[in-house]
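Asker: Structure provided below as structure tokens; questions to follow.
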Amino acid sequence: MGTETRTETVKQILAEPGAPVVVFDHVKLAFDEKVILRDLSFTVIKGHTKIILGASGSGKSTALKIICGLLKADSGVVWVNGQRVDQLSELEMMPVRADLGMIFQEGALFDSLTVRENVGYKLYEETDMPLEQIDKRVGEVLGFIGLSEHINKMPSELSGGQRRRVAIARAISFRPSIMLYDEATTGLDPITATTVDEEMIKLRDLENVSSIIVTHQLRDAFYVAEHMARRDATGKVEIVPATPQKERQAEFIMLRDGLIVFEGDADTLRASPDPYIRDFLS
Amino acid sequence: MVSFIERWGKEAALEVQEYVRLTVLAFHGIFTRPIYRHDIIEQFDVIGAGSLTVVLLAGLFTGAALASQSGLTLDQFGARPVVGRLVSASMIKELGPVLTALMLTGRIGSGIAAEIGSMMVTDQINALRALGTDPIRKLVVPRVLAGIFMAPVLTVISDFIGILGGWVIARYQLQVNSGLYWSSITKGLYMQDVWMGLSKPFVFGFLIVTIACHVGLRTRGGTAGVGRSTTISVVAGSVAVIAADFFVTQIMIALFY
């Protein structure tokens, strides 16, 4: 099969509902003697949410970095949007990253650039898009996350929650189909964390973005899993409790020492008799 | 003890390997797309124009001190009128390039290591990669280009200011005639000296910037790590400059003298 035909086939498969957008197949990674991921396998379905829970050092963030190509697995296979990425070079990863938006712990905003420059960074630096269109898109995404008035501020002038939301705006500015959230609400107060959670829900439900959320904040994990966004008759976005069908689209994984100790939906997680999970949830 | 030596050896080999890898990728980035023009211009300004004051001051006082000191020695041989020749030869061949490079190590090397190091520990480098930007092309290539091309320019300025500082002392302290001072410089200066003085800063500029970028990109461990990287960058850069000075001098002597 030629490359073009294969690409077309992949596009057709990915266009179907229920298509796998991220696949981890027996992925292992160790730094010297320290094993981070022992044997990790999971699949993320298009438009669904995968929430990866676990204590610090359990390998959650490492999994995200492997998806984005920031780290290479020692063994195993990783597929992103129908492309095998575990053996790609840095240069070959660039087209794959064009469809991945990643939110780092603490936001990782460029501190010498304004909010406008941060949000439009990829469009300004890595595309030939005309400046007027970039500015329009930056305005759109800042409007989407409700931070339009902060467009000319520096990151140091923003609160912690605003920085995370600007990081989300930066990641969605180029319309990726998969979002990777690495501890996006850690360190935020509950009210601010909820605003960030709601951005994740809006992106998933209104923009049909597949999400992988790494966190150890149970409250936020369950909030995202058990709520959904919809537009009312006036077009206003509202966050409401998720329907049972929508709730099932949020799948939990719990990692312990680089291994999956639980995989299932929110209700199954709550009902789990496993002592470690019970301890974690309490 | 053996395991300590073995671990040290492995770590040293890894550092060398990563440094060589970085320099190869930086050179590749200079000649291939994408090129970040704005960053290149910005770095020429930061490294070149930004370092001008410190280089001028260092050059001026070095030349003046050199004239003052050498005047005392030359007096013992009744050779005070050739003080200009001694100042110019010392400044152009040795002190200008080395002192300018050491000033740049302190000002630019530390700044680059701290900036890139901070970006490393706050995940900004990973954010760049996730957004499809190669950090070497975006951060290292502009700095390497600015280092290679601005170090010689700053050295020439430093040489001239140093000779001027020497003239002030020669004229007003040593009472040497101005015409005599400047003519002794032109008579005593050979093209080999100029080549030696001009070739060194290219090497020094390259070393200072690549070492600082390498150290910055290897930063780990939060703000303490950034501080450590800054120190390593200045120390390693300074030692590299002095060591490279010796080797370049030997090569130039073998080739031109």
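Read-outs throughout are calculated quantities, based only on the coordinates presented, and are distinct from any laboratory measurement. Computed from a predicted structure; not experimentally measured. Cβ: placed from backbone, ideal geometry, glycine included. Neighbour counts: every protein chain shown.
Asker: Within region A:117-146, track down each residue that is closer than 17 Å to B:Q124 by Cβ, assigned to a helix (DSSP H, G or I) and either among the β-branched types (V, I, T) or more than 9 Å from every other protein chain (Cβ to nearest Cβ) (or both).
Answerer: If the condition is that a residue be closer than 17 Å to B:Q124 by Cβ, assigned to a helix (DSSP H, G or I) and either among the β-branched types (V, I, T) or more than 9 Å from every other protein chain (Cβ to nearest Cβ) (or both), then A:E117, A:N118, A:V119, A:Y124 are the ones that fit.
Asker: Right, next: Looking at region A:223-273, which of the residues that are of a type in the set (A, V, I, L, M, F, W, C) and assigned to a helix (DSSP H, G or I) is farthest from the chain's Cα centre (by Cα)?
Answerer: Filtering first and then ranking leaves A:A271.
Asker: Among the numbered criteria (1) closer than 30 Å to A:F262 by Cβ; (2) among the hydroxyl-bearing types (S, T, Y); (3) without any contact (Cβ under 8 Å) to a residue 40 or more places away in the chain; (4) surrounded by 17 or more Cβ atoms within 10 Å (Cβ to Cβ), which one does A:T49 miss?
Answerer: A:T49 satisfies every listed condition except (3).
Asker: Of everything in region B:166-175, what is touching a helix residue (DSSP H, G or I) at 6+ places or on another chain (Cβ under 8 Å) and surrounded by fewer than 24 Cβ atoms within 10 Å (Cβ to Cβ)? Give them in sequence order.
Answerer: B:W167, B:V168, B:I169, B:R171, B:Q173, B:L174
Asker: Which condition number does A:D111 fail, the rest of (1) more than 8 Å from every other protein chain (Cβ to nearest Cβ); (2) touching a helix residue (DSSP H, G or I) at 6+ places or on another chain (Cβ under 9 Å) being met?
Answerer: Result: A:D111 passes all but (1).
Asker: Next question. Here are some residues: B:M150, B:M120. Which one is crowded, with 24+ Cβ neighbours inside 10 Å and touching a residue at least 60 places away in the same chain (Cβ under 8 Å)?
Answerer: B:M150 is the lone residue from the list that is crowded, with 24+ Cβ neighbours inside 10 Å and touching a residue at least 60 places away in the same chain (Cβ under 8 Å).
Asker: Search region A:71-82 for residues being in a strand (DSSP E or B) and buried (at least 16 other Cβ atoms within 10 Å of the Cβ), and hand back the single one that is nearest to the other protein chains (Cβ to nearest Cβ).
Answerer: A:V80
Asker: For region B:171-188, which residues satisfy the criterion of being touching a residue at least 12 places away in the same chain (Cβ under 8 Å) and not in a helix (DSSP H, G or I)?
Answerer: B:Q173, B:L174, B:V176, B:N177
Asker: Report whether or not A:G57 is more than 10 Å from chain B (Cβ to nearest Cβ), more than 12 Å from A:V23 (Cα to Cα), without any contact (Cβ under 8 Å) to a residue 60 or more places away in the chain and surrounded by fewer than 19 Cβ atoms within 10 Å (Cβ to Cβ).
Answerer: When the stated conditions are applied, A:G57 passes them.
Asker: Let me ask another. Only one of these conditions is not met by B:Q250: (1) in a helix (DSSP H, G or I); (2) of a type in the set (S, T, N, Q); (3) touching a residue at least 60 places away in the same chain (Cβ under 8 Å). Which number is it?
Answerer: B:Q250 satisfies all of (1) in a helix (DSSP H, G or I); (2) of a type in the set (S, T, N, Q); (3) touching a residue at least 60 places away in the same chain (Cβ under 8 Å) except (3).
Asker: Further question on the same structure: When region A:122-151 is examined, which residues are found to be in contact with a Phe, Trp or Tyr (Cβ under 7 Å, 6 or more places away or on another chain) and touching a residue at least 40 places away in the same chain (Cβ under 8 Å)?
Answerer: A:K122, A:L123
Asker: Being of a type in the set (A, V, I, L, M, F, W, C), more than 8 Å from chain B (Cβ to nearest Cβ) and buried (at least 23 other Cβ atoms within 10 Å of the Cβ) is the filter here, so list the residues in region A:92-108 that pass it.
Answerer: Result: A:I103, single match.
Asker: Another question, if that's okay. Being touching a residue at least 40 places away in the same chain (Cβ under 8 Å) and among the small types (G, A, S) is the filter here, so list the residues in region B:37-64 that pass it.
Answerer: Scanning region B:37-64 gives B:G48, B:G50, B:S51, B:A58, B:G59, B:G63, B:A64.
Asker: How many residues does region B:123-146 hold that are buried (at least 24 other Cβ atoms within 10 Å of the Cβ), at the interface with chain A (Cβ under 8 Å from one of its Cβ atoms) and touching an Asp or Glu at 6+ places or on another chain (Cβ under 6 Å)?
Answerer: Matching residues across region B:123-146 total 0.
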